[in-house]
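A.B. asks: Sharing a structure, written as structure tokens. Questions coming.
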Amino acid sequence: MKPLIALLVILAVIFVLPVTCSGRGKMQASSLRSAYKSARLMKNYIHDDAKSLEFQIAFGTLQKIKTEEGGTKAFLDSIDGKKADEIIALAREEVDKRIAQGDKRFAKYKSWEDMVQQLIKDTPKVLGREREQRAFD
């Protein structure tokens, strides 16, 4: 009976340890498909709607900027292994740098925060979790 229990404990450790140590919460960007999947999972774990929308804006903005600079690989390398807050910080840095350089795409914004506020204001409420649930939905 003791060898059976020891075997079950060993098997439990073998199957549970990789799951608990796999870096959940970090971007897995080995390919564009895995990056999108990872971003969707990250977005779902952010409980604050404003922060979730900010993450989506950061992800999309970084994809556009980095892909234009060095292609898809540059984008994937810039986000791989990062947490949501790190991706937002990187996007903030890139956007603020481009605003300071006078990039025409960001001319209507004063800063990252201003850009996010304007984009969130223009985003329909049905995209966020604050959407009112109705019985007939």
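A.B. asks: Report the residue count in the stretch 65-85 for those that are assigned to a loop (DSSP other than H, G, I, E, B), of a type in the set (Gly, Ala, Ser) and either touching a Pro at 6+ places or on another chain (Cβ under 8 Å) or surrounded by 12 or more Cβ atoms within 10 Å (Cβ to Cβ) (or both).
C.D. replies: Selection size over the stretch 65-85: 0.
A.B. asks: Now, a different point. Of the numbered conditions (1) at pLDDT below 90; (2) exposed (fewer than 12 other Cβ atoms within 10 Å of the Cβ); (3) of a type outside the set (Asp, Glu); (4) not in a helix (DSSP H, G or I), residue 131 fails exactly one; give the number of that condition.
C.D. replies: Looking at each condition in turn, residue 131 falls short on (2).
A.B. asks: If you don't mind, there's one more thing I want to ask. Suppose the filter is part of a helix (DSSP H, G or I), crowded, with 19+ Cβ neighbours inside 10 Å and over 14 Å from the mean Cα position of the chain (by Cα); does residue 88 pass it?
C.D. replies: No, not satisfied.
A.B. asks: If I ask for residues that are in contact with a Phe, Trp or Tyr (Cβ under 7 Å, 6 or more places away or on another chain) and small (Gly, Ala, Ser), which ones from the stretch 75-89 would you list?
C.D. replies: Once the filter is applied, which keeps residues that are in contact with a Phe, Trp or Tyr (Cβ under 7 Å, 6 or more places away or on another chain) and small (Gly, Ala, Ser), the stretch 75-89 yields only 84.
The values are calculated or read from the model by the stated rules, or taken from the named source; none is laboratory data. Keep in mind that what you see is a predicted model, and the values were worked out from it rather than measured. Every residue, glycine among them, receives a Cβ derived from its backbone with ideal geometry; neighbour counts consider all protein chains shown.
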